[in-house]
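Q: One structure coming up, written as structure tokens, with questions to follow.
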Amino acid sequence: MVLVVWCTNPLEDSHTAEKHCSLDWIEEVEEKFDFSLRDDVQAMVHDNAANVVKAIRILEERHGVASLPCDGHTTQLIVNHALKDSRINKALGGARSLVGYFHRSDVATMKLKLKQEQMGTAHHKLTQDVAVSWNSSYDMITRLLEQRWPVTPTLSDPEVTRAAKHYLDMKADLEASWRNYSKHLSPSRKPPSS
């Protein structure tokens, strides 16, 4: 099997299914690269956006092209749905608040580096997760757990955290949740080293 990206073109209008599979655009690409969708393409891999799925259905009808939804994108959607569970969402929300605070505060970051040095722990930055990569939630949690000893005293420092910011805390129940979820989110790879 040969995988080929024939062409990418900007869609300057709305991203409807009809625009995605416009005959003018397809004929232009077929002519430019001397191929035929009907004769030379067995399948198209795509994400699961409704407009793309509809476009592929139209292409199937017109040109006999088979649809192959991307397994990675499908898995991502499944994991994102599971991460919406209220308990998981609360634990990840707590982690995001902590990491976000360190990312926004130069003082907190500086004090964390100092604590890492004093305690002899790895000089790793805290990792923020991103919605399109479930591995990043795992990375965020494992990094927080790795850095819990320097993070806790850093958050206790009045120069870093005002008394009113009591929600910025490595509470035992959150830490236990992070440990539990990190086991279930664990991909078959190591987290990033920096």
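Since every read-out is calculated from the coordinates, none of them should be taken as a lab result. The shown structure was predicted, so the numbers you read here are calculated from the model rather than taken from an experiment. Here the Cβ positions follow ideal geometry from the backbone for every residue, glycine too, while neighbour counts run over all protein chains shown.
Q: Could you tell me which trypsin sites (Lys or Arg not before Pro) in segment 65-174 are loop residues by DSSP with no more than 12 other beta carbons within 10 angstrom of their beta carbon?
A: Working: sites: LYS84, ARG87, LYS90, ARG96, ARG104, LYS111, LYS113, LYS115, LYS125, ARG143, ARG148, ARG162, LYS165, LYS171; in loops: LYS84, LYS125, ARG162, LYS165, LYS171.
Those satisfying the criteria are LYS84, ARG162, LYS165, LYS171.
Q: Same structure again: Quickly rank 31-44, 51-64 as a protection proxy: mean count of other C-beta atoms within 10 Å, highest first. Please list the in-between numbers first.
A: Working: 31-44: 12.1, 51-64: 16.3.
Most protected by this proxy first, the peptides run 51-64, 31-44.
Q: How long is the gain from THR8 to ARG96 if the chain were fully straight, where each residue apart is worth 0.36 nm and the alpha carbon distance is subtracted? Each step should come with its number before you reach the end.
A: On the way: separation 88, 0.36 × 88 = 31.68 nm, distance 3.51 nm.
Extending this stretch completely gives an extra 28.2 nm.
Q: With a/c under 1.5 counting as rounded, go ahead and sort segment 76-185 into rounded, prolate or oblate using the C-alpha gyration tensor (a ≥ b ≥ c being the square roots of the eigenvalues; past the cut-off, prolate if a/b is larger than b/c, else oblate).
A: Values: a/c = 1.99, a/b = 1.71, b/c = 1.17.
Cα axes put segment 76-185 in the prolate bin.
Q: Over segment 27-92, with a single point scatterer placed on each C-alpha, what log10 of the ratio I(q)/I(0) does the Debye formula yield at q = 0.12, 0.14 1/Å?
A: -0.46, -0.56
Q: Translational diffusion coefficient of segment 1-152 at 20 °C, 1.002 mPa s, Stokes-Einstein with Kirkwood Rh over Cα pairs, in µm²/s as a whole number. Walk me through the intermediate numbers first.
A: Details: Rh = 19.3 Å.
It comes out at roughly 111 µm²/s.
Q: Let me ask something else about it. Can you give me the distance in nm between label points at MET119 and ASP40, each placed 7 Å from the Cα along the Cα-to-Cβ direction?
A: Distance between label points: 5.9 nm.
Q: Right, here's the next one. For CYS7, what is the net charge nearby, where nearby means another residue's Cβ is under 9 Å from its Cβ and Lys, Arg count +1, Asp, Glu -1? Could you put the intermediate results ahead of the total?
A: On the way: positive: LYS32; negative: GLU28.
With Lys, Arg at +1 and Asp, Glu at -1, the neighbours total 0.
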